[in-house]
Amino acid sequence: MVNALERYHGGREWLASTLVWSAAALVIATFCWILGDILWHGLSHLSWTFLTAPPRNAGREGGIGPILVSTAVILGVCLGVSLPIGVGTAVLLAEFTTDESLFGRLTRRSLDVLSGVPSIVFGLFGNAFFCKTLGLGFSILSGGLTLACMVLPILIRSTEEGFRSVPSEYRLSAASLGLSRTTTLVHLLLPAAVPGLLVGLVLGVGRAIAETAALIFTSGYVDRMPESLLDSGRALSIHIFDLSMNVPGGDANAYASALVLVVLLLAINGMASWLAEHWLHRRIVTA
Amino acid sequence: MTSSMSYPLSPSNRDKLVIGLLRLCATFAGAIVLFIVVFLAIESLPTLRHIGLFRFFTDASWYPSQGLYNLTPMLWGTLFAMVGSVLIATPLGILSAVFCHYYASPAVARPYRWLIELLAGIPSVVYGFWGLVVLVPLIGAIHPPGPSLLAGIVILTIMILPTIALMADANLANVPQQYLRGAAALGLPRWATIRRVVFPAAKSGLFTGVILETGRAIGETMAILMVCGNVVQTPHSLFDPMRTLTANIALEMAYALGDHRAALFVSGLVLMAMIAALVGAADWISRGRIYG
Amino acid sequence: MKPSTSTPDTQPWVPLEKQPACCAPSPLIEVKQLSLHYGQKPAFHDVTLSINKGCITALVGPSGCGKTSFLTSLNRLTDIIPGCRVAGRIRIDGIDVLAPQTDVIRLRRRVGMIFQKPNPFPLSILKNLEFPLREHGLKDHNQIAAKIETVLRDVGLWDEVKDRLSSPALALSGGQQQRLCMARALILSPEVLLLDEPCSALDPISSGVVEDLIVSLRGRYTILIVTHNLAQARRIADDAALFWVQNGAGQLIETGTVRQIFEAPRDPLTAAYVSGMRG
């Protein structure tokens, strides 16, 4: 009787084990295939010239210099707008609203919904609001502002976490010393919450760079070096899209661009993980 | 007492100013979603009024130049792609997480987890590109044409798999050690423990994660656009090319005018509604759970 | 009584003044019918007592009878505790503490507080002390330095930390951190000190040092100390007040001098508690 039970268990266990290991193997194999493919085809076209030269012949030849610049500028606009608003909102939600406050709950709920909106809808909104209504047209500014809307929930959530992790004793002892809330905030709480903020920032940057759908109708397709914020500019992700879908023979450069994008994102996400692991545990700060 | 207090602004007034500024920031942030809905509505209302919502589901087909605005083929495309990818990605993702926690040695689990995190960070356009140059020709060799529902499902699966795995990983990590020790003390073997103790305990967290990823699958645009072929038709087999709601918007927005453009905004609203329903379901399920 | 860590130094150092134990009662703090609620739950109800100036008053009683909550209402820390409501009257040196128009920041400079768990800010020792001074308007660098040295000598930390004022405060031992917190509260020259079980998170030796420090402050400051340790209350306090939970909320059972409470209590509950038969 005992033997029958063990065998039954044994058979089940063996099956489960095989299933699990096969799943893992499948996953590893697929991803190695994809990454390997990109690495293989992209590495051969990668060079310093590639990174700095302007694209020629609709991108089949030349490089991605102006595109990297456009990407950086769009990112700059995005962060320049979302950082102040995001940190301000996070501070308000973490420090100045109670759990019952209607304002707090509404804001949080609306940010939750915002984080679920698909990127193409952001593209629609950006097109309707920034390009048409505000009259910015297809421009880096429109693209950056649209991305700012996308990145805001991530930034706010992470910064709020950073503030919540500051022990409440600091607030109580600061208050008992007669320190104003502003002072407590600026000198005590903000420095302690910086790790959370940085993690959110880096995650937001990662999301923004990877974005394509939100940018197609807001920042445009032009692949020249942008002269001003109102110029149209092409981001790296859009360049990959264009080369692969609209430009026959553009695959080679598309591979190289994809490699650049992946490496960038790896660096950014790696940094976020590292920050989250190491900095969020450091409490002692020498001043 | 310390010497005279001189502030440019008294502390309580300074506090009031700062709180006022912060409130402004939060109002901006909170209002964005409202703006989105409002602008979508503004752009689509005129068309909705003189075409009527009904026709979006009953017209002959989607043929804007002839005034036909049936969204249904695209809805089916979205639905099939989503269901297919979620059906495949969920077990694979959960099994990956189970692998990391219970089957792999730490030396193997760490790089594996690292790989999954890496993959969660790859942008959709890169997956779409790979799909276009590698997967689609492959499928085309088996059963022409290449761009198809199958390609869409595969790429979508690859895209949502890492996040499902990571969420499942976090949920499994939250299962209290006591449950596992209790099972071990009862002499339960590994898979039995997982099936009968861990899964029920992590159930609602896993479920929520899956629902959120389903929302993401619905909203995915670029990769699907690049591999699905973009033919307006209800797919009848895995190898039929098709078009999703999102791809539809992305493809036609560039040259759409008037009613056509407004119709695209309507489909944007439909997308929002679908995702809102999903998020609402996730919310409702995870509410009132004692654990998870 | 000098703190035990004093050593001869180049600069002449004036030991703490010690006024004789002030038993001519002149109330500095008057509390009338004070009640406090967290949401719907009452913490304590209808507390009326007077605290004498310059004396050490011990608030004793088992946990959960509102002693700490009582302390936090005296410096209006209850304002920043969510869901907290206070009713009644508190007068400190004539100021109506609970009135909405009272300048809370000024109040908190005159009433200092030390918490159970030492919580210096995550800054250097110097910055911990400099920060409150600058906040309250003192700009002169020399005056600040002088005050910092004075207060560190008062708490007996000067010799231990004078060479490492820029090192992190969190690197100090528990007892040192608590003394630093006391220095931080004292540097604003308050009139009242509220101590919430200041020794309970410390080891016995540090506890003794902190206790000596508290005793040395008698006369210069009006001190309220919440303590579970009846022996400590007996050792250092002039007056005592017993709290107890009755009818679901904290109540004040009896107040009086320490001699009265411990040797001739009026209430049988007090007698039972101080003799160790209850609580």
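The values are calculated or read from the model by the stated rules, or taken from the named source; none is laboratory data. Remember, it's a predicted structure, so these values are computed and weren't measured experimentally. Because the Cβ atoms are built from the backbone with ideal geometry, glycine has one as well, and the counts that use them run over all protein chains shown.
Looking at B:P145 and the list (1) away from chain A (no Cβ under 11 Å); (2) farther than 19 Å from B:G84 by Cα; (3) part of a helix (DSSP H, G or I), which single condition is not satisfied?
Failed condition: (3).
Tell me yes or no: at least one residue of the stretch B:66-81 is small (G, A, S) and closer than 30 Å to A:L261 by Cβ.
Checked the stretch B:66-81: at least one residue is small (G, A, S) and closer than 30 Å to A:L261 by Cβ.
Out of all the residues in the stretch B:70-89, is one or more in contact with a Lys or Arg (Cβ under 6 Å, 6 or more places away or on another chain), part of a helix (DSSP H, G or I) and aliphatic (A, V, I, L, M)?
For the stretch B:70-89, residues in contact with a Lys or Arg (Cβ under 6 Å, 6 or more places away or on another chain), part of a helix (DSSP H, G or I) and aliphatic (A, V, I, L, M): present.
Which of the helices (runs of 4 or more DSSP H) contained wholly in the stretch A:197-287 include at least 1 residues that are surrounded by fewer than 19 Cβ atoms within 10 Å (Cβ to Cβ), out of contact with any strand residue (DSSP E or B) (no Cβ under 6 Å at 6 or more places or on another chain) and of a type outside the set (A, V, I, L, M, F, W, C)?
A:251-278
Looking at the stretch B:12-26, can you tell me whether even one residue there is within 14 Å of another protein chain (Cβ to nearest Cβ), closer than 30 Å to B:L245 by Cβ and surrounded by 18 or more Cβ atoms within 10 Å (Cβ to Cβ)?
no
Can you name the residue in the stretch A:94-125 that is more than 7 Å from chain B (Cβ to nearest Cβ) and among the aliphatic types (A, V, I, L, M) and is also surrounded by the fewest Cβ atoms within 10 Å (Cβ to Cβ) among such residues?
A:L102
As an exercise: evaluate C:Q232 against (1) more than 15 Å from the chain's Cα centre (by Cα); (2) part of a helix (DSSP H, G or I) and give the number of the one condition it does not meet.
(1)
Which numbered condition trips up C:P168, out of (1) under 22 Å from A:S180 (Cα atoms); (2) at the interface with another protein chain (Cβ under 8 Å from one of its Cβ atoms)?
Single failed check for C:P168: (1).
Kindly evaluate B:A89 against the criterion of being under 27 Å from A:T107 (Cβ atoms), of a type in the set (G, A, S) and either more than 10 Å from chain A (Cβ to nearest Cβ) or crowded, with 17+ Cβ neighbours inside 10 Å (or both).
no
May I ask you to verify whether C:V155 is out of contact with any strand residue (DSSP E or B) (no Cβ under 9 Å at 6 or more places or on another chain) and surrounded by fewer than 23 Cβ atoms within 10 Å (Cβ to Cβ)?
Answer is no for this residue.
Sort out which residues of the stretch B:96-135 are more than 11 Å from every other protein chain (Cβ to nearest Cβ) and either of a type in the set (V, I, T) or assigned to a loop (DSSP other than H, G, I, E, B) (or both), and write them in order of number.
B:S105
Return the pair list, or none, for Cβ contacts closer than 7 Å from residues in the stretch C:77-102 that are farther than 23 Å from C:S26 by Cα to residues that are part of a loop (DSSP other than H, G, I, E, B) and among the hydrophobic types (A, V, I, L, M, F, W, C), at least 6 apart or on different chains.
Close Cβ pairs (under 7 Å, with a partner that is part of a loop (DSSP other than H, G, I, E, B) and among the hydrophobic types (A, V, I, L, M, F, W, C)) amount to C:V86/C:L98.
Testing A:A210 on (1) closer than 27 Å to A:G116 by Cα; (2) in contact (Cβ under 8 Å) with a residue 60 or more places away in the chain; (3) of a type in the set (G, A, S), one condition comes back false. Which one is that?
Exception for A:A210: condition (2).
So which of B:G84, B:G131, B:G140 is touching a Leu at 6+ places or on another chain (Cβ under 8 Å) and of a type in the set (G, A, S)?
Being touching a Leu at 6+ places or on another chain (Cβ under 8 Å) and of a type in the set (G, A, S) holds for just one of B:G84, B:G131, B:G140, which is B:G84.
Residues of the stretch C:108-121 being over 21 Å from C:T227 (Cα atoms) and touching a strand residue (DSSP E or B) at 6+ places or on another chain (Cβ under 7 Å), which ones?
If the condition is that a residue be over 21 Å from C:T227 (Cα atoms) and touching a strand residue (DSSP E or B) at 6+ places or on another chain (Cβ under 7 Å), then C:R110 is the only one that fits.
Which residue is farthest from the other protein chains (Cβ to nearest Cβ), if the candidates are limited to the stretch C:99-116 and must be surrounded by 17 or more Cβ atoms within 10 Å (Cβ to Cβ) and part of a loop (DSSP other than H, G, I, E, B)?
Restricting to residues being surrounded by 17 or more Cβ atoms within 10 Å (Cβ to Cβ) and part of a loop (DSSP other than H, G, I, E, B), the top hit is C:Q116.
Pull up the stretch C:117-127, narrow it to residues that are facing another protein chain (nearest Cβ under 7 Å) and under 21 Å from the mean Cα position of the chain (by Cα), then point me to the one that is surrounded by the fewest Cβ atoms within 10 Å (Cβ to Cβ).
C:K117
Hey, among A:V87, A:V77, which residue is within 11 Å of another protein chain (Cβ to nearest Cβ) and at pLDDT 90 or above?
A:V87
Taking only the stretch C:38-84 into account, find how many residues are within 12 Å of the chain's Cα centre (by Cα), polar (S, T, N, Q) and within 13 Å of chain A (Cβ to nearest Cβ).
3
Out of everything in the stretch B:19-62 that is among the hydroxyl-bearing types (S, T, Y) and at pLDDT below 90, what residue ends up being farthest from A:G126 (Cα to Cα)?
Among them, the one singled out is B:T58.
Look at C:R218 and say whether it is within 22 Å of C:F70 (Cβ to Cβ), touching a strand residue (DSSP E or B) at 6+ places or on another chain (Cβ under 7 Å) and among the basic types (K, R).
Considered against the rule, which asks whether it is within 22 Å of C:F70 (Cβ to Cβ), touching a strand residue (DSSP E or B) at 6+ places or on another chain (Cβ under 7 Å) and among the basic types (K, R), C:R218 comes out as yes.
Are any residues in the stretch B:155-182 more than 14 Å from chain A (Cβ to nearest Cβ) and either in a helix (DSSP H, G or I) or within 11 Å of B:A120 (Cβ to Cβ) (or both), and if so, which ones?
B:M167, B:N171, B:A173, B:Q177, B:Q178, B:Y179, B:L180, B:R181, B:G182
When you look at B:R181, is it basic (K, R) and within 23 Å of B:V98 (Cα to Cα), yes or no?
Judged against the criteria, B:R181 is a match.
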